[in-house]
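The values are calculated or read from the model by the stated rules, or taken from the named source; none is laboratory data. Predicted, not measured: the structure shown is a model, and the values here were computed from it. Reconstructed Cβ throughout: ideal geometry from the backbone, glycine too, with neighbour counts over all protein chains shown. In case anyone asks, the SASA skips ligands and DNA or RNA and just uses the protein heavy atoms, side chains included. Shrake-Rupley method; radii C 1.70, N 1.55, O 1.52, S 1.80 Å.
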Amino acid sequence: MNIVCIAWGSLLWKPQGLKLASGWHPGGPPLPLEFARQSDDSPELALVMCEGARLAPTYWAYVATGDLDEARAMVREREKITLERPEWIGSIPARDGAQEDPRIAAWLRARRIDAAVWTAVPPKFDGENGRVPTADEAVRWLDSRNREQRAAAEDYIRRTPAHIDTCNRRAIQARLGWTPLREAHVTQAR
């Protein structure tokens, strides 16, 4: 079975325990993405799938396994997703209560790829899963971080591929000046 991982955020520059059999390629399925999740283990406002957000480009890479459960476990460990939240790891074929995403399913069929995994954590703001911050809330929260936290949050946003254009990113750029880094202007990640 050939399995790909679909990514759009820090997996691109920090795959850590996610073992890949190829580099990252542009041309993944366009997905609704937004900077809308306060991370539990870092000061980032993470880029997550967010229904209603504008569609943004994604990347894909082959995973170094032919076993879907092993690929899901790699994503779970890399993203520090607890065993109690298996639905926060997206996959096609779907497993453990996760829903199949029709956009990803159509993309897989068109490319004759057997399976995919991705991070499916929901938006979260002020401790509430499913809550999407407004652009003003996102900017205020990022601006209120202490110096070390702010630097880490800025690095995450500025490393995200420049062509992932979201409403919150536009507000963050306009008000905080966090423009994409030179290396974020990529057509193929390594």
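In terms of its alpha-carbon gyration tensor, segment 27-96 comes out oblate; a/c meets the 1.5 threshold, while b/c is at least as large as a/b. Between the alpha-carbon centers of segment 1-70 and segment 88-135, tell me the distance in whole angstrom. Here the two parts' Cα centres lie 10 Å apart. Within segment 1-36, which residues have the backbone N less than 11 Å from the label spot 7 Å out from L181 along Cα→beta-carbon, could you tell me? Answer for segment 1-36: 13-14. Just name one of I3, P122, A56: the one whose Cα is farthest towards the positive end of the charge dipole of segment 1-138 (beta-carbon charges, Lys/Arg +1, Asp/Glu -1). Positive-most Cα among the choices belongs to I3. With one equal scatterer per alpha carbon and no solvent term, the Debye-computed log10 I(q)/I(0) for the chain at 0.16, 0.17 1/Å reads -0.99, -1.12.
Of the accessible area of segment 3-185, computed with a 1.4 Å probe over protein heavy atoms only, carbon and sulfur atoms account for 47 percent.
Modelled spin-label separation between A105 and R85, with each label point placed 7 Å from Cα along the Cα-to-Cβ direction: 2.5 nm.
Computed about its Cα centre, the charge dipole of segment 3-185 is approximately 580 debye, with only Lys, Arg, Asp and Glu carrying charge at their Cβ. Take the Cα of A174, go 7 Å toward its beta carbon, and the backbone nitrogen atoms of segment 130-151 under 20 Å from that spot belong to 132-144. Comparing P102, W13, F35 along the charge dipole axis of the chain, the residue lying farthest to the positive side is W13, per the Cβ-charge model. When segment 36-190 is described by a simple charge dipole with +1 on each Lys and Arg Cβ and -1 on each Asp and Glu Cβ, the residue from T82, W141, A162 located farthest towards its positive end is A162.
Note on segment 110-190: Kirkwood radius taken over Cα pairs, Stokes-Einstein applied at 4 °C and 1.567 mPa s, translational D equal to 89 µm² s⁻¹. Provide the FRET efficiency to the nearest 0.05 for the A21-H163 pair, computing r from the beta carbons and using R0 = 22 Å. In this case the efficiency is close to 0.30. Assuming R0 = 25 Å, what is the FRET efficiency of E51 and R112, from their Cβ-Cβ distance, to the nearest 0.05? That pair, E51 with R112, gives E of 0.35. With a simple spin-label model that places each label point 7 Å from the Cα along the Cα-to-Cβ direction, the separation between D41 and D126 comes to 2.7 nm. The calculated 222 nm mean residue ellipticity attributable to helices in the chain amounts to -8500 deg cm²/dmol, summing -39500 (n - 2.57) over DSSP H runs of n ≥ 4 and dividing by all residues.
Comparing W107, W118, W60 in a Gaussian network model of the chain where C-alpha atoms under 10 Å apart are linked, the largest mean-square fluctuation is found at W107.
Taking a point 7 Å from the Cα of A94 along the Cα-to-Cβ direction, the residues of segment 118-135 with backbone N closer than 19 Å to it are 118-123, 130.
Whole-Hz Karplus values for segment 2-18 come out as 8, 10, 10, 9, 9, 9, 8, x, 5, 4, 5, 10, 9, x, 6, x, 7 Hz, taken residue by residue from phi with 6.51 cos²θ - 1.76 cosθ + 1.60 and θ = phi - 60°; glycine and proline positions read x.
Across the chain, the mean sequence separation of Cα contacts (distance under 8 Å, 6 or more residues apart), normalised by length, yields a relative contact order of 28 percent.
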